[in-house]
Amino acid sequence: MHVFRDKRMTAIGRDMDYKFVGPMDPLKFLDKFLPTTSIKEPPTRNWSNAVSKLKDVGKGQGNSAEKHMYDSLIMTLADFCPSLQLVNTSDDTDNVNWVHQPGLIKPDISAYTKESGITHNDITRTEFWMELKWVDLDDGFDDRKGNPLEKDTEQAEDTRDQLSTYAGAQLISQFRTHAFSVQLTRHHARLIRWDRGGAVVTKKFCYHKESHLIDFVWRYDRATREDRGHDPSITEVEDEERAKKVRDALGMDKEARVWDFHVTDDKGKTEVFTGGKMDFRGIASPSGRCTRCFFVLDSQDQIRYLKETWRILSDNLKPEGKVYERLKDAGVSHIPEVVISGDVKGAWQATQTSKYTTKANKGVHLRSHQHYFIVFAQIGTPIKDFKNSLQLVQGIAHAIEAHRDAYEKAGVLHRDISVGNILITNDGEGLLIDWEFSKFIESESPRTVERVGTWQFMSARILHYRPGEVEHVLGDDLESFYHVLCWLVLMHGCHGLDVNTVARTITRTYDGWTGTRKDDRDPQSGGGKGANFVVSFMKKEARLERGPLADLIYDLEKAFKVRYQDPESDDPDLSDGEKAKQDTRDKRKRERVATSAWTLERFNKALEEKEKLQEQTRDPERGPKLAQLADDTDPKKNRKRKKTYSELEAEDLEEVDEDDEGYSEPPLKKRRTKL
């Protein structure tokens, strides 16, 4: 049924803008993605009688017409999928992934294996799903020649947002390489295949005149688990005694499912890790890296930290395990130890969507992704959970040391300094993690056309220019450390600002942006950050509690200010001699923030007053207050607004890392104008 604009669905839908490809011929779609070569029983192709029965599906009248379609479709299609149970789930919500905002996930028809015995809505077990619309105006796509595939109407956007939300929930709550769904209107249908690169959409076809819908159900019923999209590298532990042992060791829920993760390195060595207690789950978008992290046990029952992701395939980006190998060989400090890493091998372990762009997908720039595992020996907590200023300052100082060593000893620039990429271990050590977007300095690869990093913490200089106009340099990462420090202090530290002022400051400084093209796909920002430097906001307005932390922030603010103010030597009242002296001073100031030495020295100076830093504890109430404020000030007229990184973090949801791919987009995209 039609779902009117829901801010949660809109947030997911925006992440899928420009990521649908097609329209693909339905038979080509079926032969490519659900081939009959592995099916022993050949299709009869003589389904004319069954197809004609589908004419009755769209004969309902009035408000109940669409609901009549559900049961009618189920009855007709059931004969062609004997191993599957088709269930009307249109009024049965599943709250998976949305514990703070329930009632979202409810496809009209869901398919389950009969073996599972499921007869209710459970997206964690769904095989495929169908979403039905009564009128063609609700079709999310346009087949007309010369028109973009993604139809530009409010109804179409609502439909795509809904489809994307359901697909995202299915992919993030299961272990899948891809998933299938069907979009239907009164007389037409489209088949859709989702993977981490986007979605392939077929041309619409009349399902009561052409057999593609029945063919899809028939093929899916007989397809291998791998062709259905189930990931063979992650298998469920069926031995209950073994599963219970793992649950007890990892502190998992009694009913939690336990999994074996098969990790193979590039030399062919395979290790199996068992567990499934999730530590991090990103935003439930169908596309992107879908980074998920788990506590697992190795073969010696040692607790390890496993990261599962879909890395971007690019000549400019090395597999993260290779980066860590280089860092370790160079003796870089304050990084986690890698146990094993490698690409997952298999038929569908690389995304397929980017292979099928057409003329209707003009302007679409899709990335290819490869399924990837990396396992770490150490386990830490996110720096956003710091207990006092000592943990905060020391954690960032250690991360800067790691960053310095990586740059100077290994020739690696991180390029994604953010709140989510610094951990604190139990003994207080800070770890700099997530090196997957780093760059080898000696690399002669062309300048990337996208920004790399997390929007809220990128330097004002990088955000001021369009992607590719300036190179990401060491000084930009050092400035990002400063923004991480200020963001955390404003969100959780000791200062005298009220919650409303904090919310406005965070939005203006870290979440703000301006568009630069009609479709706003090249946004710019940095104005808030740059302005704060120029007016010394943290020193003059933030009302920080006196002490070594405040002094550190003031000195850093003054130092990085030089990147955004006019040189003092430009003063027309200066004599030539005075200008020369001032030029030297200006150059010295710029050099100071272009290398790590001064910044690290200033952090270490603050750490000389450990007792004072330890006495400054985090404000435990500000985060919940900011979350409540975000809920209370979300007017209906702004329902299309995507929640900012800061609001999501305040709600204790996990970090929204750029567009979940590492190439940064602003928190609020502005392409859609029809509100």
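The values are calculated or read from the model by the stated rules, or taken from the named source; none is laboratory data. Bear in mind the structure is a predicted one, so any value in this text is a computation, not a measurement. No Cβ is skipped: glycine too gets one built from the backbone with ideal geometry, and neighbour counts run over all protein chains shown.
Note down all Cβ pairs under 9 Å where the first residue falls in region 346-363 and is loosely packed, with under 13 Cβ neighbours inside 10 Å, the second is modelled with pLDDT of 95 or more and assigned to a helix (DSSP H, G or I), and they're at least six residues apart or on different chains.
347/226; 347/227
Only residues in region 27-42 that are assigned to a loop (DSSP other than H, G, I, E, B) count as the first member; pair them with residues that are among the basic types (Lys, Arg), Cβ under 6 angstrom, at least 6 apart or cross-chain, and list the lot.
Close Cβ pairs (under 6 Å, with a partner that is among the basic types (Lys, Arg)) amount to 34/219; 39/222.
Does residue 83 meet the test of being over 18 Å from residue 208 (Cα atoms), of a type in the set (Gly, Ala, Ser) and at pLDDT 90 or above? Explain how you work it out, then say what you get.
Numbers: over 18 Å from residue 208 (Cα atoms): yes; of a type in the set (Gly, Ala, Ser): yes; at pLDDT 90 or above: yes.
Spelling it out, residue 83 is indeed over 18 Å from residue 208 (Cα atoms), of a type in the set (Gly, Ala, Ser) and at pLDDT 90 or above.
Counting just the residues of region 237-275 that are in contact with a Lys or Arg (Cβ under 7 Å, 6 or more places away or on another chain) and under 16 Å from residue 300 (Cα atoms), which one comes out surrounded by the most Cβ atoms within 10 Å (Cβ to Cβ)?
Result: 273.
Suppose the filter is modelled with pLDDT of 80 or more and not polar (S, T, N, Q); does residue 620 pass it?
In short, yes.
Here is a list: 231, 239. Which entry is closer than 30 Å to residue 216 by Cβ and modelled with pLDDT of 95 or more?
231
Considering only residues of region 42-62 that are at pLDDT 70 or above and of a type in the set (D, E, K, R), which is farthest from residue 185 (Cα to Cα)?
Ranking the qualifying residues of region 42-62, first place goes to 53.
Which residue out of 579, 605, 589 is among the basic types (Lys, Arg), over 14 Å from residue 562 (Cβ atoms) and surrounded by 15 or more Cβ atoms within 10 Å (Cβ to Cβ)? Outline the logic, then answer.
Details: 605 fails: surrounded by 15 or more Cβ atoms within 10 Å (Cβ to Cβ); 589 fails: over 14 Å from residue 562 (Cβ atoms).
From the options 579, 605, 589, the qualifying one is 579.
Condition test on residue 309, is it in contact with a Cys (Cβ under 8 Å, 6 or more places away or on another chain) and either of a type outside the set (S, T, N, Q) or on the phi < 0 side of the Ramachandran plot (or both)? Quick ask: steps written out before the conclusion?
Numbers: in contact with a Cys (Cβ under 8 Å, 6 or more places away or on another chain): yes; either of a type outside the set (S, T, N, Q) or on the phi < 0 side of the Ramachandran plot (or both): yes.
Yes: the conditions hold for residue 309.
State all residues of region 282-321 that are in a loop (DSSP other than H, G, I, E, B) and of a type in the set (A, V, I, L, M); if no residue qualifies, say none.
Listed by number, the residues that qualify are 283, 284, 313, 317.
With 423, 366 as the choices, which residue is touching a Pro at 6+ places or on another chain (Cβ under 7 Å) and closer than 26 Å to residue 172 by Cβ?
Numbers: 366 fails: touching a Pro at 6+ places or on another chain (Cβ under 7 Å).
Criteria check complete, one pass: 423.
Being on the phi > 0 side of the Ramachandran plot and modelled with pLDDT of 95 or more: is that true of residue 411 here?
Yes.
Which condition breaks for residue 278 when tested against (1) surrounded by fewer than 17 Cβ atoms within 10 Å (Cβ to Cβ); (2) more than 30 Å from residue 200 (Cβ to Cβ); (3) not hydroxyl-bearing (Ser, Thr, Tyr)?
Failing condition for residue 278: (2).
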